[in-house]
Ligand SMILES: NC(=O)c1ccc[n+]([C@@H]2O[C@H](COP(=O)([O-])OP(=O)(O)OC[C@H]3O[C@@H](n4cnc5c(N)ncnc54)[C@H](OP(=O)(O)O)[C@@H]3O)[C@@H](O)[C@H]2O)c1
C-alpha cells in the first residue's frame, strides 16, 4: 500500500464520515462512499468519489474499508450481511465505542479472516485534516503500518498498541477529560451570565487564559504537583469548591457540578494514587 491513488471505501456519511471523505478526496485518494440513507453522497460524487449502492459493493471497491458509523451496534448491523466480502481485506473502524466493544469486534472479524484496526478520532469534523488532528489506532502493527500512510490525510496517525481495545480506552479517557473541562466552562459562563457580567470579555480575557495556564498542571497531575505542592493543598481546594457552591447558590445557577466535584474529586485522586 502507498500514498498514490489508494482505493478507500467509507461506510457512513454522517458529519464525521463526510469530513473523512472530504480530506481523503482532497489528498487524491480514490474514494467510494456508502451511507445507509441515500442522498448524502452528491458533493463527493461531484468531486470524483464513487457512490456504492450496497455495503458489499463498497467493500469490494476498496483496498481499505473505513467504518465511521454511529456506534458499535450500527457497525455490527452494517457488516453482518457483508462479512464474506470483507474476508481477506482490511477494516478500520473509526466509530467511537468502548475498549471491550473494540476487542469483541476484533475477535468477531478475525473469525472471518478480516484484518482489523480499531481507531479513535481525536478531532471534530471541522479539524479533520488539520495539523492538530490525530487518530489513535490499535491492533496488529503491520496492519497499522500499511494503513497509516493512506489515512494520514485525515489526521496524524498514532499507534497505541496491539490490544484492539487500546485506542478506545484512550479515546474515552481523553473525552472524559474534555467533557469535564467543557462542563466546567459552561458552568463558569452560566455564573457570569446569571450575575449580569460581560460574558464575552470573561470568556476571552479570563476563562481562556486561566484554563490555558492550568491545563499543563491538570494534565501532568502528580508530577507537577510535587514541584508546586501548594497547588494541591486539600484544605484550600475544599474551600475553593465550597466557594463555588456559594457563588452558584447566590447566582441561582445549578450547583450540581460543584457538588459532584466536591463529592468525587478526592475519591478520583485516591483512585490514581
Ligand atoms: N462528530 C464528531 O465531532 C466526532 C468526533 C470524534 C468521533 N466521532 C465519532 O464518529 C462516529 C460518527 O459520528 P458522526 O458525527 O458522523 O455522527 P452522525 O452525524 O450522527 O452520523 C451517524 C452515521 O451513522 C449512520 N448510522 C446510524 N445508525 C446506523 C445503522 N443502524 N446502520 C447503518 N448506519 C447507521 C448514519 O446513517 P444515516 O445517514 O442513514 O442515518 C450516519 O452515516 C461516531 O462514532 C462518533 O462518536 C464523532
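Anything in the range 23-42 that is over 23 Å from the mean Cα position of the chain (by Cα) and within 13 Å of the ligand (Cβ to nearest atom)? List them, or say none.
Selection gives 37, 38, 39, 41.
Taking the condition of being more than 30 Å from residue 120 (Cα to Cα) and outside any helix (DSSP H, G or I), how many residues in the range 175-225 meet it?
Within the range 175-225, residues that are more than 30 Å from residue 120 (Cα to Cα) and outside any helix (DSSP H, G or I) number 4.
If you take the residues in the range 119-129 that are in a loop (DSSP other than H, G, I, E, B) and under 18 Å from residue 167 (Cβ atoms), which one is farthest from the ligand (Cβ to nearest atom)?
Filtering the range 119-129 down to residues in a loop (DSSP other than H, G, I, E, B) leaves 123-124, 128-129.
Imposing the further condition that a residue be under 18 Å from residue 167 (Cβ atoms) reduces the set to 123-124, 128.
On the way: 123: 6, 124: 4, 128: 9 Å.
Restricting to residues being in a loop (DSSP other than H, G, I, E, B) and under 18 Å from residue 167 (Cβ atoms), the top hit is 128.
Is it the case that some residue within the range 171-179 is over 15 Å from the mean Cα position of the chain (by Cα), surrounded by 20 or more Cβ atoms within 10 Å (Cβ to Cβ) and over 28 Å from residue 243 (Cα atoms)?
no
Within the range 130-152, work out how many residues are in a helix (DSSP H, G or I), without any contact (Cβ under 8 Å) to a residue 24 or more places away in the chain and under 20 Å from the mean Cα position of the chain (by Cα). Reasoning before the result, please.
Going through the range 130-152, the residues in a helix (DSSP H, G or I) turn out to be 141-152.
Adding the requirement that they be without any contact (Cβ under 8 Å) to a residue 24 or more places away in the chain leaves 141-142, 145, 148.
This time we only want the ones that are under 20 Å from the mean Cα position of the chain (by Cα), so: 148.
The qualifying residues number 1.
Within the range 3-21, count every residue that is within 12 Å of the ligand (Cβ to nearest atom), touching a helix residue (DSSP H, G or I) at 6+ places or on another chain (Cβ under 8 Å) and outside any loop (DSSP other than H, G, I, E, B).
8
Would it be correct to say that residue 58 is within 15 Å of the ligand (Cβ to nearest atom), modelled with pLDDT of 95 or more, touching a strand residue (DSSP E or B) at 6+ places or on another chain (Cβ under 9 Å) and more than 20 Å from residue 96 (Cα to Cα)?
Yes, satisfied.
Of all residues in the range 66-107, which are over 17 Å from residue 167 (Cβ atoms), part of a helix (DSSP H, G or I) and more than 12 Å from the ligand (Cβ to nearest atom)?
The answer is 83, 84, 85, 86.
Can you list residue pairs whose Cβ atoms sit under 6 Å apart, with the first residue in the range 90-113 being more than 23 Å from residue 61 (Cβ to Cβ) and the second being within 13 Å of the ligand (Cβ to nearest atom) and part of a helix (DSSP H, G or I)? Count only pairs 6 or more apart in sequence or on different chains.
From the range 90-113, the pairs are 97/72; 97/168; 98/168; 99/168; 101/72; 102/168.
The values are calculated or read from the model by the stated rules, or taken from the named source; none is laboratory data. Because the structure is predicted, anything quoted here is derived from the model rather than measured. We place every Cβ from the backbone using ideal geometry, glycine too, and count neighbours over all the protein chains shown.
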